[in-house]
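Take a look at the structure below.
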Amino acid sequence: MGEANSLCLGRIVGVHGIRGGLKLLSYAESEEVFAAGRRVRLRDAQGAEEVFTLREVRPRKGGLLLHLEEVANRTAAERLVGRDLLMDRADLPPLPEGAHYWEDLIGLSVFEADGRLLGRLEAILPTGSNDVYVVRDGRCEILVPALARVIREVDLAAGRMVVILPEGLA
């Protein structure tokens, strides 16, 4: 599982119960990516990684509750709090046409349709109805709704996105 071929899909934010349950703040749109039997890596703040096997995942208030085959008790689970959960891209279901992983979008140069550079996409905010892209040029910040009528082109190879800003944002 190489760095370039993996995605960060969440962060362990707490423990649950005495049998090693972990609270996961998921960055994934669907919990389907966390299928039982899938291999995941947990990375600590220093970059050290350990490989685990998902045993069970279920929705829980504010995120997901997961159990790992290799974690049998609360003490073992507590040492994993704060780690990022990564998965190999090859283990993820294919994306629908026109969909992209957040990690691939962050850092793109964002242009208006007339060619004017707006800045870099620096963050993505999930709002429930649609995501919002945070675009900064150093001086100002523009919040761009991630809607098909606004996002006209995404070219990952060229590192660029083209948008048509709604009235009032231009």
Starting from residues that are closer than 24 Å to Ile124 by Cβ and of a type in the set (S, T, N, Q), keep the ones in region 18-70 and report whichever is modelled with the lowest pLDDT.
Ser30
One residue is enough: does region 39-48 have a residue meeting the conditions closer than 29 Å to Leu143 by Cα and outside the structural domain of Val135 (by TED's automatic domain parsing)?
no
Of everything in region 92-123, what is surrounded by fewer than 16 Cβ atoms within 10 Å (Cβ to Cβ) and closer than 22 Å to Gly10 by Cβ? Give them in sequence order.
Pro93, Pro94, Leu95, Pro96, Ala99, His100, Glu103, Asp104, Ile106, Gly107, Glu122, Ala123
Among the residues of region 8-50, the number that are part of a strand (DSSP E or B) and over 20 Å from Glu103 (Cβ atoms) is 7
Quick check on my filter: what residues within region 127-140 are modelled with pLDDT under 95, out of contact with any helix residue (DSSP H, G or I) (no Cβ under 9 Å at 6 or more places or on another chain) and not small (Gly, Ala, Ser)?
Thr127, Asn130, Val132, Asp137, Arg139, Cys140
1 or more residues closer than 30 Å to Lys23 by Cβ: qualifying strands (runs of 3 or more DSSP E) within region 59-170:
63-68, 84-88, 117-126, 131-136, 141-145
Could you list all residues from region 147-169 that are surrounded by 12 or more Cβ atoms within 10 Å (Cβ to Cβ), aliphatic (A, V, I, L, M) and out of contact with any helix residue (DSSP H, G or I) (no Cβ under 9 Å at 6 or more places or on another chain)?
Leu147, Val150, Ile151, Val162, Val163, Ile164, Leu165, Leu169
The condition of being in contact (Cβ under 8 Å) with a residue 60 or more places away in the chain, at positive phi and under 19 Å from the mean Cα position of the chain (by Cα) holds, among Gly107, Gly98, Gly82, only for Gly82
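The values are calculated or read from the model by the stated rules, or taken from the named source; none is laboratory data. No experiment lies behind these values; they were computed from the predicted model shown. Note: ideal-geometry Cβ built from the backbone for every residue, glycine included; neighbour counts use all protein chains shown.
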